[in-house]
Structures are given as C-alpha cells and as structure tokens.
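Notes to accompany the following structure.
The values are calculated or read from the model by the stated rules, or taken from the named source; none is laboratory data. All figures in this text were calculated on a predicted structure; none of them were measured in a lab. Heads up, the Cβs are rebuilt from the backbone with ideal geometry, glycines too, and the neighbour counts pull from every protein chain shown. Just the protein is used for accessible areas: all its heavy atoms, side chains included, with ligands, DNA and RNA removed. Shrake-Rupley method; radii C 1.70, N 1.55, O 1.52, S 1.80 Å.
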Amino acid sequence: MEKLIRGIVDFRKSVRPGYKDVFARLALGQRPDTLFIACSDSRVVPNLFASSDPGDLFVVRNVGNLIPPCGASNPRPSEDSEAAAIEFALRSLPITDIVVCGHSECGAMTALAHGRAQLESPSLKSWLRHGEASLRRIDSAIPGDAHLERHNRLSRVNVLQQLEHLKTYPLVHERMQAGRLHLHGWWFDIKEADVYEYDPGSGGFRLIDEDYARVLLQRAESAGA
Ligand code: ZN
C-alpha cells in the first residue's frame, strides 16, 4: 500500500502536469475503440505492453479472462458482470475490436489443468467452469504449441475458446456479420514480455514483432476500408 501512496505523490509531481489536457478532454467522455478482456493477474499490464493511453481501452478483467457463454436457448449468460460490460461497450462506445488476452503462468489455467474439483474456494471452483470447454479441447493442438507446458497450452486454447463464447452474444454476432466488429486472441508471455496474436491463417499464435505488426496493420486498414 505504501508503494501506491508514494506512487500517487510521484504521479502528481512528475506525470500529472503532462496529462492535464488529456484528462480534461477525457472528463467530457470516453471514446475507446477496443474492448480488452484480460486476466486479473497483476503481471498482465496492457497499458504497459501495448503502450496505450488513458481513454484507449475499455477493460474487463477477471480470473482467467473468461466469458460466460449465452446458452443456445437462453440469450442471456449465467453471470451478469461480463455481459453488462460487453453490452455497454458495444451499445454505448465506438468499439470496433475486442481482444481476449490470456497469459503464461496463469494461476486460473493451472488450477483448471489440475482439475477444479480440488479447489477449496467454492466461488473459484464454480467460476472456472467457464474454462471447462477449453480443458476439453487442450489436446486439439495449436500448431507451434507443443513445446509449451500444459498450463500454458491450456491458456492459449482458452483464448480461442473464450472468443467462441463471445460469439454467442447476439450483439457480437450481429456486429461481426456486418463487418463492424473484429475479434482478436492475444497471449502475453510474462517471462519474455512478448505479446502473441492468434493468426487464423496459420492456425497458430504469432509473435507481434515489427514485421508481423506491419501485416496486422495492413489487415486492420483493409478491414476498416
Ligand atoms: Zn491469469
């Protein structure tokens, strides 16, 4: 806690003066174009690894970056929090992209890989059921992932599974069909501080370095054209 309080003092002294105009503008309203869904893990810091600024990302964070799916016969999912954030983001903000970002060494994925029945926390045990479908497809190998430890392979498969859950939301489905919304699967490697994106073309995760970033930017440009 001391670090946070000292951090506020530092921010006021050295950072705040440079951001005064930015925050004065943001006080009038937010216009983020990306809904970013990530794990609650303290080591995953999208504002740092994607060099994003205040106002850039509308963020949902939870244990395991999970999205409860809507049922086939039930247009509403079993939990309200994520659904509310998705609805608000799509109805009230100019969101054109949704990123689901998993990460290496994820505690939620490790617990899931070991079997959530062993967990003592009843709420966590229940919440992680939204990752069961990921666990069932862990052996449908993603190209290039064989070298990863099991919990990290699960974490990458889970990103793809949660993208599928997102598509069960009628509003997400509609916007995608209309070409107004694009989904992306990202994965943050904590040890290397590298970010990967799922590439549907190759069926695997690719490091977002300068070369691949160029490809992604071109793709985004033609999608927006
Ligand atoms: Zn995690």
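Taking only pairs six or more apart or across chains, which ones have beta-carbon atoms under 9 Å, a first residue in region 89-109 that is away from the ligand (no atom under 12 Å from the Cβ), and a second residue that is among the charged types (D, E, K, R) and open to solvent by less than 50 Å² (accessible area, probe 1.4 Å)?
Leu90/Arg175; Ile95/Arg175; Thr96/Arg175; Val99/Glu197
Take His165 and decide whether it is within 28 Å of Ser222 (Cβ to Cβ) and open to solvent by 70 Å² or more (accessible area, probe 1.4 Å).
No.
Could you tell me whether region 184-199 includes any residue that is in contact with a Ser or Thr (Cβ under 9 Å, 6 or more places away or on another chain), aromatic (Phe, Trp, Tyr) and closer than 27 Å to Arg43 by Cβ?
Among the residues of region 184-199, at least one is in contact with a Ser or Thr (Cβ under 9 Å, 6 or more places away or on another chain), aromatic (Phe, Trp, Tyr) and closer than 27 Å to Arg43 by Cβ, which makes the answer yes.
So if I check each of Glu174, Glu132, Glu192, Glu164, which one is within 22 Å of Ala50 (Cβ to Cβ) and of a type outside the set (S, T, N, Q)?
It is Glu192.
Is there any pair with a first residue in region 120-147 that is under 22 Å from Pro68 (Cβ atoms) and a second that is open to solvent by 50 Å² or more (accessible area, probe 1.4 Å) and part of a helix (DSSP H, G or I) whose Cβ atoms are under 7 Å apart and which are 6 or more apart or on different chains, and what are they?
From region 120-147, the pairs are Lys125/Arg116; Leu128/Arg116; Ile138/Arg153.
Pairs, please: C-beta under 6 Å, at least 6 apart or cross-chain, first residue surrounded by 11 or more Cβ atoms within 10 Å (Cβ to Cβ) and in region 184-204, second of a type in the set (Asp, Glu)?
Trp186/Glu197; Ile190/Glu105
Mind listing just one residue for me: the one in region 1-55 that is free of Cβ contacts under 8 Å to residues at least 12 places away in the same chain and among the acidic types (Asp, Glu) and, of those, surrounded by the fewest Cβ atoms within 10 Å (Cβ to Cβ)?
The qualifying residue surrounded by the fewest Cβ atoms within 10 Å (Cβ to Cβ) is Glu2.
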